[in-house]
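*Asks:* Questions regarding the structure given below will be posed in turn.
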Amino acid sequence: MFQLLDGKAISLQIKDEIANEVRGYTTKGMRPPHLAAILVGEDGASKTYVANKEKSAHEVGFISSVYRYSENTSEDELLKVIDFLNKDEETDGFIVQLPLPKHISEQNITNAISPEKDVDGFTAINTGRFVIGDERAFLPATPMGIVNLLQRYNIETQGKHCVVVGRSNIVGTPAAVLMSRNNAHANCTVTLCHSRTQNLADITRQADILIVAIGKPEFITADMVKPGAVVIDVGIHRIPDETKKTGYHLCGDVKHSEVDEKCSYVTPVPGGVGPLTIVSLLQNTLKAYKLRNNI
């Protein structure tokens with residue numbers, strides 16, 4: 001019988017811990033941590049995600065600001081906003097919500113963010129710090145959430161074979177790095193797979209821990225999973241469904257209707273990795289705040 005890895009419950013635990021720590025600082029007369037977000041355009045998913053970040057920040061006692069700009073904002077205008085936030089002593093960390101409109105270079109914008117305020121962990125400097133294990137690095141939020149989930153459920157990782165499906169710079173590649181680290185919550189032997197991997201099912205069937213972030217609905221089926229594996233489904237997709245009031249249903253990169261029964265632990269979609277991603281952003285902001293205040 002499999003056990004669901006409840007990301008919502010774990011996120012609430014971590015939020016309580018953050019809120020208690022923040023109260024400890026504010027009762028001493030310190031200002032609370034301040035997380036800002038820049039949102040360009042009218043993308044529905046981005047607006048929802050930023051609203052959830054803002055709500056979560058307020059729940060733990062943070063100050064939260066959102067800078068909203070139209071779709072036709074120029075790259076130069078956006079760089080000026082980033083320069084302001086980099087220099088603002090009252091802002092501890094900020095994110096630029098992706099994707100950006102096509103006329104704006106995401107690489108230019110991301111790398112303009114001060115590494116000390118880059119709480120998404122996307123800048124080249126932060127990526128370098130992360131890869132070499134520099135303690136100043138801010139970990140990418142989703143891989144950090146995965147590690148939090150495994151740690152809070154006391155899932156044994158040492159010496160296990162972890163297979164990561166998907167090689168993005170946001171999830172797959174950093175997740176592979178984190179799971180290979182020399183610490184009590186990693187120490188896995190890691191195989192990183194992708195869309196060009198040959199005999200993929202032969203490899204995924206070897207996984208004690210299978211992390212799926214390939215961005216294809218219900219891609220992983222029962223014949224690709226080892227009995228008793230821990231399966232982490234990072235994907236989330238809206239599939240048109242006229243039987244639902246919303247007009248769609250949500251699914252992940254794993255076909256849960258047939259995979260779950262083979263697992264020892266599995267993340268649901270929604271409610272698995274997603275809530276931990278936002279909590280990781282809060283953890284990074286608190287870390288930035290503490291570094292700025294020498295706490």
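*Asks:* Can you name the condition, by its number, that F62 falls short on among (1) exposed (fewer than 13 other Cβ atoms within 10 Å of the Cβ); (2) at pLDDT 95 or above?
*Replies:* Among (1) exposed (fewer than 13 other Cβ atoms within 10 Å of the Cβ); (2) at pLDDT 95 or above, F62 violates only (1).
*Asks:* Something else about it: Criterion first (in contact (Cβ under 8 Å) with a residue 12 or more places away in the chain, under 20 Å from A19 (Cβ atoms) and either of a type in the set (D, E) or not in a loop (DSSP other than H, G, I, E, B) (or both)) does E54 satisfy it?
*Replies:* For E54, the condition - in contact (Cβ under 8 Å) with a residue 12 or more places away in the chain, under 20 Å from A19 (Cβ atoms) and either of a type in the set (D, E) or not in a loop (DSSP other than H, G, I, E, B) (or both) - is met.
Residues are listed down the side, and each one gets a yes or a no for (1) in contact with an Asp or Glu (Cβ under 8 Å, 6 or more places away or on another chain); (2) at pLDDT 95 or above; (3) surrounded by 23 or more Cβ atoms within 10 Å (Cβ to Cβ):
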position	(1), (2), (3)
N199	no, yes, no
E218	yes, yes, no
A229	yes, yes, yes
V254	yes, yes, yes
K262	no, yes, no
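*Asks:* On to the next question. Output yes when any residue across segment 247-255 is touching a Gly at 6+ places or on another chain (Cβ under 7 Å), among the small types (G, A, S) and part of a loop (DSSP other than H, G, I, E, B), and no when none is.
*Replies:* Yes, segment 247-255 contains a residue that is touching a Gly at 6+ places or on another chain (Cβ under 7 Å), among the small types (G, A, S) and part of a loop (DSSP other than H, G, I, E, B).
*Asks:* Sticking with this one: Anything in segment 217-246 that is outside any loop (DSSP other than H, G, I, E, B), touching a Leu at 6+ places or on another chain (Cβ under 9 Å) and of a type in the set (A, V, I, L, M, F, W, C)? List them, or say none.
*Replies:* I220, M224, A229, V230, V231, I232, I239 - these are the residues of segment 217-246 that are outside any loop (DSSP other than H, G, I, E, B), touching a Leu at 6+ places or on another chain (Cβ under 9 Å) and of a type in the set (A, V, I, L, M, F, W, C).
*Asks:* Follow-up. For segment 90-109, which residues satisfy the criterion of being under 16 Å from V40 (Cα atoms), surrounded by fewer than 20 Cβ atoms within 10 Å (Cβ to Cβ) and without any contact (Cβ under 8 Å) to a residue 60 or more places away in the chain?
*Replies:* Within segment 90-109, L98, P99, K102, H103, S105, E106, Q107, N108 meet the criteria.
The values are calculated or read from the model by the stated rules, or taken from the named source; none is laboratory data. This is a predicted model, so every value here is computed, not measured. Here the Cβ is made from the backbone with ideal geometry for all residues, glycine too, and neighbour counts use every protein chain on show.
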